[in-house]
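Below: the structure, in structure tokens.
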Amino acid sequence: MDVSQVSRRKNRRGGGPASRRFWWAAAIVLVAAAAGLLFSVSRPGQAAGWEAVEEVLGSPDAPLTVVTYVDFSCPHCGTFALEVEPELVERYVKTGKVRLVYRPMAFLGPGSILAAQAGACVGDQDPALFWPFQRRVFEELHTSGSQYTRENLATMAREIGANAEAVDACLAAGRYRDTLGRVRRLAIEEDGVRVTPTVLVGDQKLEGVPEAADFFALIDRKLAQTGS
């Protein structure tokens, strides 16, 4: 299966491996925020729900869906994306067993929101470009911190093959700013998201960065329940 073919869903609901246990103490609580790869589809830029900003990697016929709620200013989200997610893609997404869904949970300030907008803008150009962009942004976070600007986000977009001028124009227009606020509320209200990262493995919710071995064992159990 060619995992370079990715999609943005039209329907809202549709280094090395990490060795850490769940980082409960490090997970970021979002309660306060509540108060305040087989085919490609296009998505409306101002849709009301997840279909506007989520990214999907893998087969629509995969027996198991893994959903990640991510903030680009969250170092632990970066740990998951850089250390756990590559193995998830190699072992389960490429083999057609898992469909991986990214959902932005941007709440850690203006830079966080700007980076999430940039991810959506990059995906508008080509959904396949979102995934290397996500990795590049988290590499920047881990080396330089989360001082995201229009300029450095556009530069990172150019580095992974996107049109930097189009990304900058998209950011200047604030195309996804309001949408990110709406989907943040959806995450809290519908899936009870309280921390980043939050990972849904089928109907089971994980908070924080799981140990890779435990995470993949859970996926195997869930797949066994589906008969896969």
Search result, residues across the stretch 62-118 that are farther than 26 Å from residue 144 by Cα and among the charged types (D, E, K, R): 90, 91, 94, 97, 99
The lone exception for residue 88 - which of (1) assigned to a loop (DSSP other than H, G, I, E, B); (2) more than 26 Å from residue 189 (Cα to Cα) it fails: (1)
Residue within the stretch 99-107 that is of a type outside the set (Val, Ile, Thr), surrounded by fewer than 23 Cβ atoms within 10 Å (Cβ to Cβ), in a loop (DSSP other than H, G, I, E, B) and modelled with pLDDT of 90 or more present: no
Positions within the stretch 183-200 being surrounded by fewer than 19 Cβ atoms within 10 Å (Cβ to Cβ) and modelled with pLDDT of 95 or more, in sequence order: 200
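The values are calculated or read from the model by the stated rules, or taken from the named source; none is laboratory data. Fair warning: this is a prediction, and the values are worked out from it, not measured in the lab. Ideal geometry is used to build each Cβ from the backbone, glycine not excepted, and the neighbour counts take in all protein chains shown.
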